[in-house]
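Chemist: Would you mind keeping the following structure in view while I ask a few things?
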Amino acid sequence: MGQRMSRREFVKETVVATTLVAGIPKGSLGALSGGPLDVNKQVVGALGAVFIPSASGDPGYKELESHGITDYVLQSLPLDNAATFNAVAQQFFAGKSFLDLDEKQRMEYAGIVADGSKITDDTQRAQLQAFYRGARSRILTVFYKNYPQQAAARDAAGVPIVKAGNTHQYTNPNTKELVTGWDIAGFKGPPDWNEEEQLRAKAKKELPYWYEGDLVRLSDLRPPAATALKASDGADYYDVIVIGGGTAGCIVAGRLAEQGVNPKTGDRLRIALLEGGDDWTIRDPGMKSGYGYPIRRQMITNIPDGIGPEGSDPGPAYRYPDLARGAPAGYNFRLIGGCSLHYGGTCWIPGEDDFYLYREASGVNWDEAKFGAAIQEVQDLFHVMTPPEAWWNRGNYMWAEAGRALGYPMYQATIAFRNPLGTMYDSESLPRCDSKGTSLPWAYIGLNNGLKVIANAEVRKILIDKVPGGRPVATGVAYTDKAGATHQLRAARIISACSANWTPLLLYRSGYGPKDFLGGNLLIENKNVGMHMTGDFSMRATAFLEEQVSPAGRDGEIHDPEPWTSVNPRPWRSLSIQIRGDGAGRQPESIALGPFAPELGWEHKEYMRNSSGVRHIMGWAAHLGALPWSWRVRPPDGQVERVELDAPRVDAAIKESEEVIRAWMGKLPAKVAKSDFRQFHRPATSFDPRHVSGTVRAGDSPENSVCTSDFDCHDIDHLLFTSSATIPRTFFWSLGPTAVNACYGYRRIIANHFSRGCSTRGFA
Ligand SMILES: Cc1cc2nc3c(=O)[nH]c(=O)nc-3n(C[C@H](O)[C@H](O)[C@H](O)COP(=O)(O)OP(=O)(O)OC[C@H]3O[C@@H](n4cnc5c(N)ncnc54)[C@H](O)[C@@H]3O)c2cc1C
């Protein structure tokens, strides 16, 4: 039995069932004669066959019963109203409970419940529909996530187990021995090595360039990782500590190791990079785009099970640090590489509109010209490209033509991929074979130049000396290791690279921030710490067209080229609307529950079969940026709280976006059968920010910001910042802006702190 039931629950279920069947003709209880849990299981199993029916030669849900599918479904399905659902069928089918009905009648009854109009008692309708909807969602999700072949086997340390001799770490859980959800949907899962070779051959013809060899590799001649000296108090000393080995942290630490010098001795810098997560992303000897290396391949490349950085959207858990720490075993939300491993691959490079907004927000002295070398570096190492012609399908052309017919210019997406194979496994969250641009190459540059990486090191506090009459000075950090032991390190300079969510939390714990948050723990006040968080948000509209517009392809995938437009003419200022072509998404479990999927039965199964339904769908993502709102990060857990919002303006922009997309649909050459605009009917107050920045923003004074245009803390000497937290305002997206900000940042930091002639204060 997949689910245990306490005595209390047993009594409750029995009472509910007894109460509800009162008044129903005697002798018609059918399968209710078993124990309540058996009945619930039978009801759920029967519903499985309603949603995914079977026929001779066409297996469905019930063929997976011998593999325990209903027990698995029951593991997380509330059953409060299952008995009611079974019993109430008697009102519609001459005293027969749901379990007594034949297959056709069961479908009919499920349809009655889904529709609800024939159920006159409001409470009963609510109970029935709650159970029905929960069961539909859980059953379709489990089935189309490919139960029982949905996950790679992992060992106790969370490492996927591969068969001996499987040198390519092929871990696709799907087999040909059983017909599962993926087989029905025509979704093969990750390609095996032979298929990969075919895809590479195809990609080599389709892409303008194919790069052979390693993008970066560890040099055999590299110096050993930096060792600490001893400070006067006996603690380990480094010249520089970088806290957080994420998008910006890898870039800054890597380039300081390569180019910075100790201004006192002229020697190579001793740098420690402290990362709260693990470091397996840099254990391979190199990175070979389009092929990958063994450790990363084994951990993530072939594994669509939601575990691992690219296999999951960490969502709120990542944004709220304490939730991330409490993540289920095996979920590697935090790793060297940070969010550059999680992001979707869209790489927005800041342009003059971004710089205008930065200057306007906090008076930074930045402009596009000053950032030119940094922008070029990101474009080179992330390999920012536009999707090749071969990725465009008929639907994409129709979408772009209809937008042009409304007078909007069409832009090509900028995406960060090198040697992509053109499947959803490199186009979406899973960068097959390291084709997605990440910050890891900079970490490798650091490793080749003596960078010391200390992983699983959660920095609890920045140590700040405060002497009467003098300026406060950052002198070191305290961190805990994986075993929970605390360590102290000293350094001449501390650079926090902990991102927009986590940096303020570290500063609060260190006694730096606004008085109202820190109270008696306040050491140094700056009301801007944790404030000014901005971000964008998006809403998705979809249309179901009468004809199919995208091909089935391998896995029914498309590598969406995401053409886009700006609704507002240039210059782009506060509250800009961008609209992007948006694929329907190809994961069978989300298609099965999508707005255009039929309710149940054969109609649903045919919609799913070989991705036939989803090939009719076209999407629009309306993206609102440079929003007139701001948020702040609350201690102790990092929950974000809205501070300002110009709701009438944002509501008007939401409405305008909907009108534009409706007009756009009207210009399509194919007829729109149905559309879904539900996300546009939410008020501005219901959205929270994505692609966040600004919580220790750079600016021209401690009155409006936390650090200078050169990233030095306004209030504490020897403390510097990088990461999304330093960007004064989100225009659109944040990965590209964060990387560009870090590439500019390390140049300023080297010029001001790690070149000959710089101040030697604090250096050993
Ligand atoms: C699922 C997802 C999809 C996204 N998609 C896109 C996209 O397509 N395009 C786009 O532009 N942006 C995207 N983003 C946003 C973008 O990835 C981030 O804004 C950007 O990478 C942030 O970089 P960062 O350096 O500020 O922080 P991070 O990369 O998060 O790095 C911070 C690092 O600091 C570590 N850390 C934090 N606190 C401590 C501590 N106390 N001690 C030690 N270590 C610590 C963390 O573990 C982490 O590794 C996406 C984000 C997510 C989560």
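Chemist: Note down all Cβ pairs under 9 Å where the first residue falls in segment 462-476 and is closer than 21 Å to THR503 by Cβ, the second is among the basic types (Lys, Arg) and surrounded by 14 or more Cβ atoms within 10 Å (Cβ to Cβ), and they're at least six residues apart or on different chains.
Modeler: Listed by first residue and then by second, the contacts come to ILE462/ARG509; LEU463/ARG490; ALA474/ARG493; THR475/ARG490; GLY476/ARG490.
Chemist: Of all residues being within 7 Å of the ligand (Cβ to nearest atom), of a type outside the set (Val, Ile, Thr) and under 25 Å from GLN412 (Cβ atoms) in segment 333-350, which is surrounded by the most Cβ atoms within 10 Å (Cβ to Cβ)? Just the residue, please.
Modeler: SER340
Chemist: Next up: Name, by its number, the condition in (1) away from the ligand (no atom under 16 Å from the Cβ); (2) at pLDDT 95 or above; (3) crowded, with 19+ Cβ neighbours inside 10 Å that does not hold for ASP354.
Modeler: Result: ASP354 passes all but (1).
Chemist: Report yes if GLY292 is in contact with a helix residue (DSSP H, G or I) (Cβ under 7 Å, 6 or more places away or on another chain) and more than 16 Å from the ligand (Cβ to nearest atom), otherwise no.
Modeler: Yes: the conditions hold for GLY292.
Chemist: Here's a follow-up. Would you check if there is a residue in segment 90-98 being within 15 Å of VAL43 (Cα to Cα), touching a Leu at 6+ places or on another chain (Cβ under 8 Å) and of a type outside the set (Asp, Glu)?
Modeler: yes
Chemist: Could you check segment 201-219 and list, in sequence order, the residues that are hydroxyl-bearing (Ser, Thr, Tyr) and open to solvent by less than 50 Å² (accessible area, probe 1.4 Å)?
Modeler: So in segment 201-219, the residues hydroxyl-bearing (Ser, Thr, Tyr) come out as 209, 211, 219.
Residue satisfying the conditions is SER219 alone.
Chemist: Out of all the residues in segment 101-144, which are under 34 Å from the mean Cα position of the chain (by Cα) and among the small types (Gly, Ala, Ser)?
Modeler: Scanning segment 101-144 gives ALA114, ALA126, ALA130, GLY134, ALA135, SER137.
Chemist: So, one more: Of all residues in segment 403-429, which are at pLDDT 90 or above, under 27 Å from the mean Cα position of the chain (by Cα) and either open to solvent by 30 Å² or more (accessible area, probe 1.4 Å) or among the charged types (D, E, K, R) (or both)? Explain how you work it out, then say what you get.
Modeler: In the first step, residues of segment 403-429 are kept if they are at pLDDT 90 or above; the result is 403-419.
When the remaining residues are screened for being under 27 Å from the mean Cα position of the chain (by Cα), the result is 410-419.
Within segment 403-429, MET410, TYR411, GLN412, THR414, ARG418 meet the criteria.
Chemist: A further question on this structure: Could you check segment 339-356 and list, in sequence order, the residues that are in contact with a helix residue (DSSP H, G or I) (Cβ under 7 Å, 6 or more places away or on another chain) and acidic (Asp, Glu)?
Modeler: Across segment 339-356, the qualifying residue is only ASP354.
Chemist: Okay, next question. Might you check whether a residue that is of a type in the set (Asp, Glu), part of a loop (DSSP other than H, G, I, E, B) and open to solvent by 30 Å² or more (accessible area, probe 1.4 Å) occurs anywhere in segment 165-177? Even if it seems obvious, please write down each step before you answer.
Modeler: Narrowing segment 165-177 to residues of a type in the set (Asp, Glu): 177.
Still in the running and part of a loop (DSSP other than H, G, I, E, B): 177.
From what's left, open to solvent by 30 Å² or more (accessible area, probe 1.4 Å): 177.
Yes, the conditions are met somewhere in segment 165-177.
Chemist: Which ones in segment 97-154 are closer than 29 Å to TRP182 by Cβ, of a type in the set (A, V, I, L, M), without any contact (Cβ under 8 Å) to a residue 40 or more places away in the chain and part of a loop (DSSP other than H, G, I, E, B)?
Modeler: Across segment 97-154, the qualifying residue is only ALA153.
Chemist: Restricting attention to segment 619-633, does a residue exist that is open to solvent by less than 20 Å² (accessible area, probe 1.4 Å) and under 26 Å from PHE143 (Cβ atoms)?
Modeler: Checked against the condition, which is being open to solvent by less than 20 Å² (accessible area, probe 1.4 Å) and under 26 Å from PHE143 (Cβ atoms), segment 619-633 yields at least one hit.
Chemist: Evaluate the following for VAL633: is it more than 16 Å from the ligand (Cβ to nearest atom) and touching a helix residue (DSSP H, G or I) at 6+ places or on another chain (Cβ under 7 Å)? Give the steps one after another, and end with the answer.
Modeler: Details: more than 16 Å from the ligand (Cβ to nearest atom): no; touching a helix residue (DSSP H, G or I) at 6+ places or on another chain (Cβ under 7 Å): yes.
No.
Chemist: Oh, and also: Being within 16 Å of the ligand (Cβ to nearest atom) and open to solvent by 20 Å² or more (accessible area, probe 1.4 Å) narrows it down to one of ARG222, ARG154, ARG255, so name that one. Working first, answer last.
Modeler: Details: ARG222 fails: within 16 Å of the ligand (Cβ to nearest atom); ARG154 fails: within 16 Å of the ligand (Cβ to nearest atom).
The match here is ARG255.
Chemist: Let me ask something else. Go through the residues of segment 526-544 one by one and say whether even a single one is away from the ligand (no atom under 16 Å from the Cβ) and at pLDDT below 95.
Modeler: So the first thing to find is which residues in segment 526-544 are away from the ligand (no atom under 16 Å from the Cβ), and the list is 526-528, 531, 539, 541-544.
Among the residues that remain, those that are also at pLDDT below 95 are: none.
Within segment 526-544 (the criterion being away from the ligand (no atom under 16 Å from the Cβ) and at pLDDT below 95), the answer is no, since none of the residues qualifies.
Chemist: Hey, could you check segment 376-400 for residues that are in contact (Cβ under 8 Å) with a residue 40 or more places away in the chain and within 20 Å of MET665 (Cα to Cα) and say which is most open to solvent (accessible area, probe 1.4 Å)?
Modeler: Across segment 376-400, the extreme among qualifying residues is ARG394.
Chemist: Filter segment 230-241 down to the residues that are surrounded by 13 or more Cβ atoms within 10 Å (Cβ to Cβ) and in contact with a Phe, Trp or Tyr (Cβ under 8 Å, 6 or more places away or on another chain), then identify the one that is farthest from GLY446 (Cα to Cα). Break it down stepwise before answering.
Modeler: First, pick out the residues of segment 230-241 that are surrounded by 13 or more Cβ atoms within 10 Å (Cβ to Cβ): 231, 235-241.
From the residues that got through so far, the ones that are in contact with a Phe, Trp or Tyr (Cβ under 8 Å, 6 or more places away or on another chain) too are 231, 239-240.
On the way: ALA231: 24, ASP239: 15, VAL240: 13 Å.
Checking each candidate, the answer is ALA231.
Chemist: Any idea which of (1) out of contact with any Phe, Trp or Tyr (no Cβ under 9 Å at 6 or more places or on another chain); (2) within 15 Å of the ligand (Cβ to nearest atom) is the one ASN568 doesn't satisfy?
Modeler: With (1) out of contact with any Phe, Trp or Tyr (no Cβ under 9 Å at 6 or more places or on another chain); (2) within 15 Å of the ligand (Cβ to nearest atom) applied to ASN568, the lone miss is (2).
The rows are residues; the columns are (1) open to solvent by 20 Å² or more (accessible area, probe 1.4 Å); (2) over 32 Å from the mean Cα position of the chain (by Cα).
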| residue | (1), (2) |
| --- | --- |
| LEU447 | yes, no |
| LYS452 | yes, no |
| VAL459 | no, no |
| ASP465 | yes, yes |
| ARG471 | yes, yes |
| GLY476 | no, yes |
| LYS482 | yes, no |
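Chemist: Would you pick out the residues in segment 273-299 that are without any contact (Cβ under 8 Å) to a residue 40 or more places away in the chain and aliphatic (A, V, I, L, M)? Walk me through it before giving the result.
Modeler: Our first condition is that a residue be without any contact (Cβ under 8 Å) to a residue 40 or more places away in the chain; within segment 273-299, this holds for 283-284, 295.
Selection gives ILE295 alone.
Chemist: Still on this structure, please answer the following. I'd like to know if segment 686-693 contains one or more residues that are open to solvent by 10 Å² or more (accessible area, probe 1.4 Å), farther than 26 Å from ALA369 by Cα and either free of Cβ contacts under 8 Å to residues at least 24 places away in the same chain or part of a helix (DSSP H, G or I) (or both).
Modeler: yes
Chemist: Provide a single number: the residues in segment 702-746 that are outside any strand (DSSP E or B) and touching a helix residue (DSSP H, G or I) at 6+ places or on another chain (Cβ under 7 Å). Before the answer, list the steps.
Modeler: Looking only at segment 702-746, we keep the residues that are outside any strand (DSSP E or B), and these are 702-706, 708-711, 714-716, 718, 722-746.
Applying the additional criterion that residues be touching a helix residue (DSSP H, G or I) at 6+ places or on another chain (Cβ under 7 Å) yields 704-705, 710-711, 722-729, 731, 734-746.
Number satisfying all stated conditions: 26.
Chemist: Next up: For segment 389-400, indicate whether the set of residues that are aliphatic (A, V, I, L, M) and at pLDDT below 95 is non-empty.
Modeler: yes
Chemist: Let me ask another. So for segment 538-546 (the condition being open to solvent by 10 Å² or more (accessible area, probe 1.4 Å) and acidic (Asp, Glu)), does at least one residue qualify?
Modeler: Scanning segment 538-546, I find at least one residue that is open to solvent by 10 Å² or more (accessible area, probe 1.4 Å) and acidic (Asp, Glu), so the answer is yes.
Chemist: For a quick check of your reading of the model, give me the residue pairs whose first member lies in segment 215-238 and is of a type in the set (Phe, Trp, Tyr), whose second is at pLDDT below 95 and assigned to a loop (DSSP other than H, G, I, E, B), with beta-carbon atoms closer than 8 Å and at least 6 apart or on different chains.
Modeler: TYR237/ALA231; TYR237/ALA764
The rows are residues; the columns are (1) more than 30 Å from TYR109 (Cβ to Cβ); (2) within 23 Å of the chain's Cα centre (by Cα); (3) at pLDDT 95 or above.
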position	(1), (2), (3)
ASN568	yes, no, yes
ILE591	no, yes, no
ALA597	no, no, yes
HIS604	no, no, yes
SER611	no, no, no
VAL614	no, yes, no
GLU644	yes, no, yes
ASP651	yes, no, yes
ARG662	yes, no, yes
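Let's see how each residue does on (1) at pLDDT below 75; (2) in a helix (DSSP H, G or I); (3) among the small types (Gly, Ala, Ser):
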residue: ASP313; (1), (2), (3): yes, no, no
residue: PRO316; (1), (2), (3): yes, yes, no
residue: ALA324; (1), (2), (3): yes, yes, yes
residue: ASN332; (1), (2), (3): yes, no, no
residue: LEU341; (1), (2), (3): no, yes, no
residue: ARG359; (1), (2), (3): no, yes, no
residue: ALA369; (1), (2), (3): no, no, yes
residue: GLU377; (1), (2), (3): no, yes, no
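The values are calculated or read from the model by the stated rules, or taken from the named source; none is laboratory data. These numbers were taken from a predicted model, which means no experiment stands behind them. Using ideal geometry, Cβ is built from the backbone for each residue, glycine included, and neighbour counts are taken over all protein chains shown. For accessibility, only protein heavy atoms count, side chains too; no ligands or nucleic acids. Shrake-Rupley method; radii C 1.70, N 1.55, O 1.52, S 1.80 Å.
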